[in-house]
Amino acid sequence: MLNKPVLVESLIVFSIVLCVHAVVWDRYSWCAVALAIQAFYVQFKWDRLLQQGGAVFQFRTTANSGLLPASMVIPLLGIAMKERCKAAGIVYFERFGIVVASTGMLVALFLSVIAVGITKPVPTNTCILSGVAGSIIIYTMKHSLTVSEVIEVLEVLLIFVYLSMILLYLLPRCFTPGEALLVLGGISFVLNQLIKRSLNVIEGRGEPIDFFLLVAVIGVVILGLFFTVLFIFMDSGTWISSMFFHMMTAVLGLGVIMPWLYRLIRRNPLFWLLQFLFQTQTRVYLLIYWTLLAASACGIVFYQNAKRSSESKKHQASTITRKYFHFIVVATYVPGLIYDRQLLHVAAVLCLAVFIFLEYIRYFRIKPFGQTLRYLLSLFLDERDSGPLILTHIYLLLGMSLPVWLFPRSCAPKGALSGAGALVPYAGVLAVGVGDTMASVFGSTMGEIKWPGTKKTFEGTMTAIFAQIIAVALILIFDSSVNLNSSYAWILVSVSLVSLLEAYTTQIDNLLLPLYLQIMFMV
């Protein structure tokens, strides 16, 4: 029997796909529709595998597979990027968008074929659909990509296969199949781009802040893999292991990551970073302001843990308490988006690296702070943190930052976009910071009418939609670079569809919702 909430979630995703291709219809639209249909069928096969415990790896058990919503993100992002950059006349990023779309389709198709292959008995109809979708995608790629672009797509697929085998084995129950597709697919693409640009550094395109993102992401991933392998052979909780951890972090950082970045940007990374951060008085003020907000967030963590000690050891932070951090993140990102987006870009990269590094310290119990972090953060765990890693705060940061990181600035005429595209950098703020927060707060306190088959409420969803519309109006008032050009109906449709997706999805909404809202705004 089909799961009704999953059917509704799939219907919402299909609606978004059709809305995108109603605006942008080309040869890739047939591929995207075919991919969506086969992913819809494969999703239910994988859900059955998860329920029966027949999946190869251990996935997060409190959610469905999420294959359909995850499969469409990267292809739609690539298609939207291709159209934006084509309109701006930037051929390099137009071709890059085609590569992104092709890569996303091939990786999603590969994951679907794996799911069908391990389903017993083998579903004949689903196999036929996957074969048809694969034929359409491969035929389109053959007539759209150059030989070098085909090689690049296959490189990303190869990296994805190896990363999946390694990380899904090392990190059981941390992801659903859909979340693994998004996270590992993104890391695979970033790694391939970093290798490509490192080998062609003379012909390299992009600004230092773009290279900084690539090196930082891959640097922390390599660091984690290194220590995971190392601590298989030694106890990570001793003082000797902890000293070795800090020493090897410094060695890898200064001996590998810093020279790598130096090769790409052709200047001392530390001097460049310091000069960049303190270049203007506005940046100094923003850094001071963000430091105060970070201190406030730490204060909330310590205060809530003090309440736990005084009340009960089983005390857990409420939904409203966890949303305090959403308010803090909104207060962090909005001034950065208005006054200095490049600074926000770099600061978010630094914050991501710090978050992941602290998670390594917590996970490996590195002295002197590992055990303390375990105790402090355990208060804020929910059902999505069922694996060995705590990822919800990292997903929150990613959801807010991805719209700032992903869109090529050179494809924005004179640094600004008109219409709904002007709201692309605000997609994370609207979807997660405003929409998801309002839906949770009002839904949990005043909601009475539940959406069928879910714990989410009609009141929460409607409040989320109205709050995002009000936030758009405030952005128009305070950010003079935003010009919507009467695209209000499209913004309302986009916000409504993404808010409905929030009500029905069981995936990590902090990661999924901003990406879908960004896609809708970009087209």
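For segment 23-205, the relative contact order is 30 percent, taking Cα pairs closer than 8 Å that sit 6 or more residues apart in sequence and dividing their mean separation by the residue count. Taking amide H positions as modeled 1.01 Å from N, with prolines and chain starts lacking one, the residues under 5 Å from residue 457 and 5 or more places away or on another chain are 451. Taken over segment 1-112, the alpha-carbon convex hull comes to 101 cubic angstrom per residue. Taking Cβ atoms as reference points and 14 Å as the exclusive limit, the residues near residue 274 contribute a net charge of +2, counting Lys and Arg as +1 and Asp and Glu as -1. Heavy-atom accessible area, probed at 1.4 angstrom with all protein chains present, ranks 384, 362 as 384, 362, highest first. With K and R counted +1 and D and E -1, the other residues having a Cβ less than 15 Å from that of residue 153 yield a net charge of +1. Of the solvent-accessible surface of the chain, computed with a 1.4 Å probe and all protein chains present, 69% belongs to carbon and sulfur.
The largest accessible area among 520, 234, 247 belongs to the first residue in 247, 234, 520, and the rest follow in falling order (1.4 Å probe, all chains). Count the net charge of all other residues whose Cβ sits under 15 Å from the Cβ of residue 246, scoring Lys and Arg as +1 and Asp and Glu as -1. With Lys, Arg at +1 and Asp, Glu at -1, the neighbours total +3. In this view, the solvent-accessible surface of residue 85, computed with a 1.4 Å probe and all protein chains in place, comes to about 0 Å². Multiplying the residue separation of residue 25 and residue 263 by 0.36 nm and removing their Cα-Cα distance gives an extension gain of 81.6 nm. Temperature 20 °C, viscosity 1.002 mPa s: under these conditions the Stokes-Einstein estimate for segment 23-205, based on its Kirkwood radius over C-alpha pairs, is 127 µm² per second. Accessible surface for segment 22-157, divided over its residues, is 42 Å² per residue with a 1.4 Å probe. The accessible area of residue 30, taken with all protein chains in place and a 1.4 Å probe, comes to roughly 150 Å².
Quick one: pull the percentage of alpha-carbon pairs in segment 90-169 with a separation above 17 Å. Of the Cα pairs, 53 percent sit more than 17 Å apart. Compute the FRET efficiency between residue 369 and residue 478 as 1/(1 + (r/R0)^6), taking r as their Cβ-Cβ distance and R0 = 41 Å, and round to the nearest 0.05. According to the calculation, E is roughly 0.60. Ranked by the mean number of other Cβ atoms within 10 Å per residue, highest first, peptides 436-443, 342-349 order as 436-443, 342-349. Recomputing P(r) over Cα pairs in 20 Å bins from 0, in percent from the coordinates shown identifies the correct label among (1) 21, 59, 19, 0; (2) 18, 50, 27, 5, 0; (3) 18, 46, 22, 7, 4, 2, 1, 0, 0 as (1). For a test of the definition: using alpha carbon positions, the gyration tensor, and the 1.5 limit on a/c, classify segment 125-239 as rounded, prolate or oblate. Cα axes put segment 125-239 in the oblate bin. Its relative contact order, with pairs defined as Cα atoms under 8 Å and 6+ residues apart, puts the chain at 18 percent. With the charge dipole of segment 47-171 set up from +1 on Lys and Arg Cβ and -1 on Asp and Glu Cβ about the Cα centre, the Cα lying farthest toward the positive end among the listed residues 96, 143, 123 is that of 123. Return the ratio Rg/(2.2 N^0.38 Å) for segment 17-75, where Rg is computed over Cα atoms only. Its radius of gyration relative to the 2.2 N^0.38 Å reference: 1.34. Shape analysis of segment 350-458 places it in the oblate category; the axes a ≥ b ≥ c from the Cα gyration tensor give an a/c of at least 1.5, with a/b not above b/c. Absence of a disulfide-compatible partner, taken as no other cysteine beta carbon within less than 4.7 angstrom, is noted in the chain for 19, 31, 127, 174, 298, 351. Once a ≥ b ≥ c are taken as the square roots of the eigenvalues of the Cα gyration tensor of segment 135-200, is the result rounded (a/c under 1.5), prolate (a/b larger than b/c) or oblate (a/b not larger than b/c)? Note, shape of segment 135-200 comes out oblate. The spacing between segment 28-45 and segment 92-165, judged by their C-alpha centroids, is 12 Å. Using the alpha carbons alone, the radius of gyration of segment 212-264 stands to its Kirkwood radius in an Rg to Rh ratio of 1.04. When all protein chains stay in place and ligands, DNA and RNA are ignored, the 1.4 Å accessible-area order of 481, 29, largest first, is 481, 29. In sequence order, segment 299-307 has phi-based couplings of x, 5, 4, 5, 5, 5, 5, 5, 5 Hz under the Karplus curve 6.51 cos²θ - 1.76 cosθ + 1.60, θ = phi - 60°, and Gly or Pro positions carry x.
The values are calculated or read from the model by the stated rules, or taken from the named source; none is laboratory data. Given the structure is predicted, the values throughout are model-derived calculations rather than measurements. Neighbour counts are summed over all protein chains in view; Cβ atoms, including those assigned to glycine, are modelled from backbone coordinates with ideal geometry. Each accessible area value is taken on the protein alone, full model and side chains, heavy atoms only, with ligands, DNA and RNA left out. Shrake-Rupley method; radii C 1.70, N 1.55, O 1.52, S 1.80 Å.
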